[in-house]
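First the structure, in the form of structure tokens, and then the observations on it.
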Amino acid sequence: HDVIVGGAAGLVYTPNQVYAEVGDRVKFHFQFKNHTVTQSSFYEPCEPLKGGFDSGFMPVAMDDKKGPTFTIKVKDENPIWVHCEQVDHCPSGMVFAVNAPKKGNTFKK
């Protein structure tokens, strides 16, 4: 699963959610500006999850056509919640999910 981080689309992950099987990989492709892929939780979407993954900041120049990537492996069927740690990016809606529930704690909530 390929996900674009930032770039021309703005402060978003594109797509903003995917459904993946156990063992699948989700590869984040960083585009211009400076973003992170930081694991969070449904209840604290803009806070890093203790013990979770974090790409660290990935600054990318405007003219860089092949920015860095960060890949995670889906270990189980549980939802994975992600946000960008850059100042004001998460509160502006820069969030992402793998296997968000279709009922209850949905991505939209």
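The values are calculated or read from the model by the stated rules, or taken from the named source; none is laboratory data. Please read all numbers here as calculations on a predicted model, not as lab measurements. Virtual Cβ from ideal backbone geometry, glycine too; neighbours counted across all protein chains shown. Note: areas computed on protein heavy atoms with side chains; ligands, DNA, RNA excluded. Shrake-Rupley method; radii C 1.70, N 1.55, O 1.52, S 1.80 Å.
What the table shows:
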item: Residue within segment 56-65 that is of a type in the set (Phe, Trp, Tyr), under 13 Å from the mean Cα position of the chain (by Cα), more than 17 Å from residue 25 (Cβ to Cβ) and not in a strand (DSSP E or B) present; result: yes
item: Pair list, Cβ under 7 Å, 6 or more apart: segment 88-109 residue among the polar types (S, T, N, Q), other residue open to solvent by less than 60 Å² (accessible area, probe 1.4 Å); result: 92/11; 99/20; 99/79; 99/80; 105/42; 106/100
item: Residues (over 10 Å from the mean Cα position of the chain (by Cα), open to solvent by less than 50 Å² (accessible area, probe 1.4 Å) and either polar (S, T, N, Q) or closer than 19 Å to residue 73 by Cβ (or both)) located in segment 1-23; result: 18, 20, 23
item: Residue within segment 44-57 that is buried (at least 19 other Cβ atoms within 10 Å of the Cβ) and aliphatic (A, V, I, L, M) present; result: no
item: Residue list for segment 24-39, filter: open to solvent by 20 Å² or more (accessible area, probe 1.4 Å) and either more than 18 Å from residue 88 (Cα to Cα) or of a type in the set (Lys, Arg) (or both); result: 24, 25, 27, 29, 33
item: Flag for residue 107 being open to solvent by less than 80 Å² (accessible area, probe 1.4 Å) and outside any loop (DSSP other than H, G, I, E, B); result: no
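Okay, residues lined up against (1) within 27 Å of residue 104 (Cα to Cα); (2) touching a residue at least 24 places away in the same chain (Cβ under 8 Å):
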residue: 10; (1), (2): no, no
residue: 18; (1), (2): yes, yes
residue: 24; (1), (2): yes, yes
residue: 41; (1), (2): yes, yes
residue: 59; (1), (2): no, yes
residue: 64; (1), (2): no, yes
residue: 70; (1), (2): no, yes
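Residue-wise test of (1) at pLDDT 95 or above; (2) among the basic types (Lys, Arg).
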site: 26; (1), (2): yes, no
site: 40; (1), (2): yes, no
site: 49; (1), (2): yes, no
site: 56; (1), (2): yes, no
site: 60; (1), (2): yes, no
site: 67; (1), (2): no, no
site: 86; (1), (2): yes, no
site: 95; (1), (2): yes, no
site: 109; (1), (2): no, yes
